[in-house]
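Enquirer: My questions will all concern the structure given below.
The values are calculated or read from the model by the stated rules, or taken from the named source; none is laboratory data. In this text the structure is predicted, and so the values were computed from the model without any measurement. All Cβ positions, glycine included, derive from the backbone under ideal geometry; neighbour counts span all protein chains shown.
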Amino acid sequence: MVVDDEKEITDLVALYLENENFTVYRCYSAQEALDCLTQQKLDLAVLDVMLPGMSGFDLCRKIREKNTFPVMMLTAKGEEIDKITGLTLGADDYMTKPFLPLELVARVKAQLRRYKRYNTPNQPEEELIEHSGLVLNLKTHECFLNEKPLSLTPTEFTILTLLCRKPGCVVSSEELFHGVWGEEYYQKNNNTITVHIRHLREKMGDSFENPKYIKTVWGYGYKIEK
């Protein structure tokens, strides 16, 4: 689903995605997007921040109430606060206008590869990661902390999985970038991973000053303590 009140942008993005054999639902307002959500089974959404009637942030929040598929935000040039706000509300990635359509297609493919990897039905049932009260089910994309469910976005789930696969070892920010987005030819701001880590800590009730789970290793990356 592509949502932007600028028809030219929506139609351009849809055209590039359709050329890659994606089925694209075009929405020019938040209300059209909400209607689409109730009528179609979606795998990914691309949302503009500035929408009539309801902002892309509020739409992202609505999506996250019931859905775990990836959400990408389109932000105005130089609006760093928009990027951070979107990631905090549950978005998985962002692009700044103007953008290259081919780069957007590459990011969509990376998000879908990762999302479907954790939601494919042929994964073995026993594929669980357990660590210090954390349980990650790679088949159902569910996460539990001390038997209580955590509602994670696909990006948060992937970051936590990457860290839990290497308990006690430092995972560099670059490795997290590659593990999450799968593409290395474009530059991503360090704030991206930082905001996702902060959001994970908030959901886990973890402390930045004295973390029980995710520890920052300054100048390198992050690790899950053994």
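Enquirer: Looking at (1) loosely packed, with under 15 Cβ neighbours inside 10 Å; (2) touching a Pro at 6+ places or on another chain (Cβ under 6 Å), find the lone condition where E65 falls short.
Expert: Looking at each condition in turn, E65 falls short on (2).
Enquirer: Something else now. How many residues are out of contact with any helix residue (DSSP H, G or I) (no Cβ under 7 Å at 6 or more places or on another chain) and modelled with pLDDT of 80 or more when one looks only at the range 198-218?
Expert: Total meeting the criteria: 12.
Enquirer: Kindly indicate the residue of the range 1-34 that is among the hydroxyl-bearing types (S, T, Y) and farther than 21 Å from T96 by Cα and also surrounded by the most Cβ atoms within 10 Å (Cβ to Cβ) among those meeting that condition.
Expert: Among those that are among the hydroxyl-bearing types (S, T, Y) and farther than 21 Å from T96 by Cα, it is Y25.
Enquirer: Does the range 132-177 hold any residues that are in a loop (DSSP other than H, G, I, E, B), more than 24 Å from K62 (Cα to Cα) and either touching a helix residue (DSSP H, G or I) at 6+ places or on another chain (Cβ under 8 Å) or touching a residue at least 60 places away in the same chain (Cβ under 8 Å) (or both), and which are they? So that I can check it myself, show each step before the final result.
Expert: Taking the range 132-177 as the starting set, the residues that turn out to be in a loop (DSSP other than H, G, I, E, B) are 132-133, 138-141, 146-147, 151-153, 165-170.
Pick out the ones that are also more than 24 Å from K62 (Cα to Cα) and you get 132-133, 138-139, 146-147, 165-170.
Answer for the range 132-177, where residues must be in a loop (DSSP other than H, G, I, E, B), more than 24 Å from K62 (Cα to Cα) and either touching a helix residue (DSSP H, G or I) at 6+ places or on another chain (Cβ under 8 Å) or touching a residue at least 60 places away in the same chain (Cβ under 8 Å) (or both): S132, L138.
Enquirer: Pairs needed: first member in the range 196-208, under 14 Å from L150 (Cβ atoms) and touching a residue at least 40 places away in the same chain (Cβ under 8 Å); second member anywhere, aliphatic (A, V, I, L, M) and surrounded by 16 or more Cβ atoms within 10 Å (Cβ to Cβ); C-beta distance under 6 Å; at least 6 residues apart or different chains.
Expert: Going by the 6 Å Cβ cut-off, the qualifying pairs are H196/I159; K203/L150; M204/L145.
Enquirer: Moving on to the next point. Somewhere in the range 133-153, is a residue modelled with pLDDT of 80 or more, surrounded by fewer than 19 Cβ atoms within 10 Å (Cβ to Cβ) and among the aromatic types (F, W, Y)?
Expert: Yes, the range 133-153 contains a residue that is modelled with pLDDT of 80 or more, surrounded by fewer than 19 Cβ atoms within 10 Å (Cβ to Cβ) and among the aromatic types (F, W, Y).
Enquirer: Quick check on the range 203-226: of everything there that is part of a strand (DSSP E or B) and not hydrophobic (A, V, I, L, M, F, W, C), which residue is nearest to S173 (Cα to Cα)?
Expert: G221
Enquirer: Something else about it: Out of curiosity, is D11 of a type in the set (D, E) and closer than 20 Å to I159 by Cα?
Expert: The answer is no for D11.
Enquirer: Still on this model: Which one is modelled with the highest pLDDT among residues in the range 76-109 that are crowded, with 18+ Cβ neighbours inside 10 Å and small (G, A, S)?
Expert: Here the residue is A91.
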